[in-house]
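A single structure is presented below for examination.
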Amino acid sequence: MSTLDLFLEMEDGRAAPSVPRVREVRTRVALPASRLPGLDYSLNPYVGCQHDCLYCYAPYVTKRPRGKWTEVLARTDLPHVLSKELRGKRGTIGLGTVTDPYQEAERHLLLTRRCLIEIIPHGLAVSALTKSDLVLRDIDLYKELRGEVGITVTSVSPELSRAMEPGAPLPARRLDALRGLTEEGVNAYALIGPLLPMLEERDVIELVDALAATGIERAMLDRFRPRPGMFDDIRARPACKGLGDGLERAHRERDYSALEALVRRECSRKGLRCVDAF
């Protein structure tokens with residue numbers, strides 16, 4: 001039995017998803033400067049995220065309590081504020097740097113779509129990142145925009161995804177989204193991030209094969225970097241003690257250099273260009 005199989009046996013391999021709650025907040029700055037390489041500005045229509053990924057770094061970066069991360073704040077005036085800040089701007093906007101711009105709230109509120117409509121006349125490039133196939137709804141806008149769309153795929157296992165990413169679309173839907181984007185000529189890539197420490201060789205091979213089959217030409221790789229308190233936060237969830245213990249153990253025992261080398265080797269075998277994410 002593999003490390004991944006053992007991990008999925010713990011507590012049924014599932015995390016209890018939170019009931020999503022959304023409330024409105026006002027926007028002070030629409031386009032703060034970004035510290036991420038290749039991005040000049042950040043654009044985040046929401047604070048918090050309904051995908052509730054156990055490994056998410058964003059609550060720790062934004063200093064928001066992990067237990068409140070799925071209580072989503074919608075910046076409903078963002079398109080209006082953005083329209084004023086775009087004047088005279090040049091460069092690349094990172095869409096979804098600390099939240100998913102296509103989480104379920106977006107299906108109803110359309111904040112991300114309205115922001116993209118504001119950006120198009122100004123000619124700035126957009127680099128969007130999501131875990132959701134809802135991005136296909138806006139394919140008409142991405143065909144007009146300069147830039148790229150990244151979709152995060154951490155494995156092809158629906159069981160592992162349900163455990164680690166309880167509120168996110170399953171991997172098959174994300175793979176379909178990558179395929180749909182590439183077929184429409186949108187510059188799309190896959191983010192293998194974080195690189196989960198419980199993945200075995202067979203899991204990596206299946207993942208890279210699935211990514212290559214979508215037609216993308218590039219994958220970005222990001223190592224799992226747990227934030228202080230992350231494992232304790234996972235263990236504090238109902239029925240998730242085993243998940244927290246298993247993830248921490250796998251992280252401590254994993255040779256990430258060997259795992260990364262395996263991913264790069266498999267990407268090379270399938271003709272995918274593999275680059276570091278950050």
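Computed from the coordinates by the stated procedures, all read-outs in this text should not be read as laboratory data. In this text, all values refer to a predicted model and were calculated from it rather than measured experimentally. Cβ: placed from backbone, ideal geometry, glycine included. Neighbour counts: every protein chain shown.
Which residue fluctuates the most in the chain, going by a Gaussian network model with Cα springs under 10 Å, if the choices are Leu141, Leu111, Leu196?
Looking only at Leu141, Leu111, Leu196, the largest GNM fluctuation is found for Leu141.
Given R₀ = 25 Å, what would the calculated FRET efficiency be for Thr27 paired with Arg179, taking r from the Cβ atoms and rounding to 0.05?
Taking R0 as 25 Å, the efficiency between Thr27 and Arg179 is 0.15.
Right, next: What is the diffusion coefficient of the stretch 125-210 in µm²/s, taking the Kirkwood radius over Cα pairs and the Stokes-Einstein relation at 10 °C with a viscosity of 1.306 mPa s?
Translational D for this selection: 119 µm²/s.
While we're looking at this one, here's another question. Taking R0 as 30 Å, what's the FRET efficiency between Ile120 and Arg273 from their Cβ-Cβ distance, rounded to 0.05?
That gives a FRET efficiency of 0.60.
With a cap of 10 neighbouring Cβ atoms within 10 Å, and only residues DSSP puts in a loop, list the trypsin sites (Lys or Arg not before Pro) found in the stretch 86-174.
In loop regions of the stretch 86-174 (DSSP not H, G, I, E or B), the sparsely surrounded trypsin sites (Lys or Arg not before Pro) are Arg87, Arg90.
Oh, and also: Along the principal axes of its C-alpha atoms, what lengths does the stretch 46-138 span, in descending order and rounded to whole Å?
38, 27, 21
For Arg202 paired with Arg264, estimate the spin-label separation in nm (one decimal), with each label point 7 Å from Cα along the Cα-to-Cβ line.
2.7 nm
Report the rotationally averaged projected area of the stretch 154-278 based on its alpha-carbon convex hull, in square nanometres.
Projected area, direction-averaged: 7.8 nm².
In addition: Kindly write out, for the stretch 74-83 in residue order, the coupling ³J(HN,Hα) from the Karplus curve 6.51 cos²θ - 1.76 cosθ + 1.60 (θ = phi - 60°), rounded to whole Hz, with x marking Gly and Pro.
9, 8, 5, 8, 4, x, 5, 5, 4, 4
Given 0.36 nm per residue, what is the gain on full extension from Lys84 to Lys68 after removing their alpha carbon distance, in nm?
Answer, rounded to one decimal: 2.7 nm.
Compute the distance in nm between two label points, each set 7 Å from the Cα along the Cα-to-Cβ direction, one at Arg146 and one at Asp245.
Between Arg146 and Asp245, the label points sit 5.4 nm apart.
Based on Cα positions only, what radius of gyration and what Dmax would you give for the stretch 3-276, in angstroms?
18.2, 54
Please give the charge dipole size of the chain, origin at the Cα centre, charges +1 on K and R Cβ atoms and -1 on D and E Cβ atoms. Round to the nearest 20 debye.
The calculated dipole for the chain is roughly 1140 debye.
Highest mean first, what order results for 206-219, 47-60 on Cβ atoms within 10 Å?
With the highest mean Cβ count within 10 Å placed first, the list reads 47-60, 206-219.
Further, regarding this structure: Quick one: among Leu243, Leu191, Leu109, which has the greatest mean-square fluctuation in a GNM of the chain with alpha-carbon springs under 10 angstrom?
Among Leu243, Leu191, Leu109, the largest mean-square fluctuation in the Gaussian network model of the chain belongs to Leu109.
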